[in-house]
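Q: The structure's right below; bear with me while I get my questions together.
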Amino acid sequence: MRFLDIYHVFYDGLTSFQMARKRNGDKEKWIERGEQAVSTFQTWKDHSDWNFENKFLLLSAELHFVKGNHDAAEEKYKSSIISARNHRFLHEEGLAMELLGLFYNKVGKLDHSKKMLTNACACYEKWEATAIVARLQSYLVEM
């Protein structure tokens, strides 16, 4: 397995779940594609929790979200944040916070959403991802 393969599967899975939420006509196709990423990361996680646990949890959160299992999704998002923090994946901690913030926004928990998106900005600032910080700050202003 190459480094690029890991991130290809990870971002393909995240993108698939985003597409499933936006496209009703072929929603099941996108969910199935995302589920393949979850399955792949389950296997990889079994070999290395350190490298793959937070990614597996984040993909699982997105799967629960797209299927309407909001309690399970929230728990997986939070677990992904903790795992990313514990394993020092600062950018993926920020990503998990960002996606949890967007989840909260979608389910009507606006105060929680703003808090998570603000926390995501702090992670991204530490990571020096200024364009992402600017995008999120703009989104927060519009909320």
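Q: Keeping all protein chains in place, calculate the accessible area per residue for the chain (probe 1.4 angstrom), answer in Å². The partial results should precede the final answer.
A: Details: 7950 Å² over 143 residues.
Value for the chain: 56 Å² per residue.
Q: Using 0.36 nm per residue, how much length does the chain from H8 to N86 gain when fully extended, once their Cα-Cα distance is taken away?
A: On the way: separation 78, 0.36 × 78 = 28.08 nm, distance 2.31 nm.
Between H8 and N86, full extension yields 25.8 nm more.
Q: Relative contact order (percent) for the chain, with alpha-carbon contacts under 8 angstrom and 6 or more residues of separation?
A: Working: 167 pairs, mean separation 20.4, N = 143.
In percent, rounded to a whole number, it is 14.
Q: Pairs to check: K78/K114; K45/K115; K45/K114; K27/K126; K76/K114. Give those whose C-alpha atoms are more than 24 Å from each other in this structure.
A: On the way: K78/K114 15 Å; K45/K115 29 Å; K45/K114 31 Å; K27/K126 36 Å; K76/K114 19 Å.
From the list (K78/K114; K45/K115; K45/K114; K27/K126; K76/K114), the Cα-Cα distance tops 24 Å for K45/K115; K45/K114; K27/K126.
Q: Using R₀ = 30 Å, calculate the FRET efficiency as 1/(1 + (r/R₀)^6) where r is the Cβ-Cβ separation of L140 and R23; round to 0.05.
A: Working: r = 27 Å, r/R0 = 0.89.
For R0 = 30 Å, the calculated efficiency reads 0.65.
Q: Rg and Dmax of region 35-79 over Cα atoms: what are they, in angstrom?
A: Cα only, region 35-79: 10.2, 30 Å (Rg, Dmax).
Q: Report ³J(HN,Hα) in whole Hz for each residue of region 132-143, in order, from the Karplus equation J = 6.51 cos²θ - 1.76 cosθ + 1.60 where θ = phi - 60°; Gly and Pro get x.
A: Couplings: 5, 4, 4, 4, 5, 5, 5, 4, 4, 4, 6, 5 Hz.
Q: In whole angstrom, note down how far apart the Cα centers of region 95-143 and region 30-83 are.
A: Spelled out, the Cα-based centre of one part sits 19 Å from the other.
Q: If you filter region 1-71 for trypsin sites (Lys or Arg not before Pro), then keep DSSP loop positions with at most 11 other Cβ within 10 Å, what is left? Walk me through the intermediate numbers first.
A: Details: sites: R2, R21, K22, R23, K27, K29, R33, K45, K55, K67; in loops: R2, R23, K67.
Those satisfying the criteria are R2, R23.
Q: Then there's this: Tell me the carbon and sulfur percent of the accessible area for region 65-143, rounded to whole percent, probe radius 1.4 Å. Before the final figure, lay out the partial values.
A: Working: 2240 of 4330 Å².
Ligands and nucleic acids excluded, carbon and sulfur reach 52 percent.
Q: If only Cα atoms are counted, what is the Rg of the chain, and what is its Dmax, in Å?
A: 14.6, 42
The values are calculated or read from the model by the stated rules, or taken from the named source; none is laboratory data. Computed from a predicted structure; not experimentally measured. Cβ sites come from the backbone with ideal geometry, for glycine too, and all protein chains shown count toward neighbours. Please note that ligands, DNA and RNA were not included when accessible areas were found on the heavy atoms of the full protein model with its side chains. Shrake-Rupley method; radii C 1.70, N 1.55, O 1.52, S 1.80 Å.
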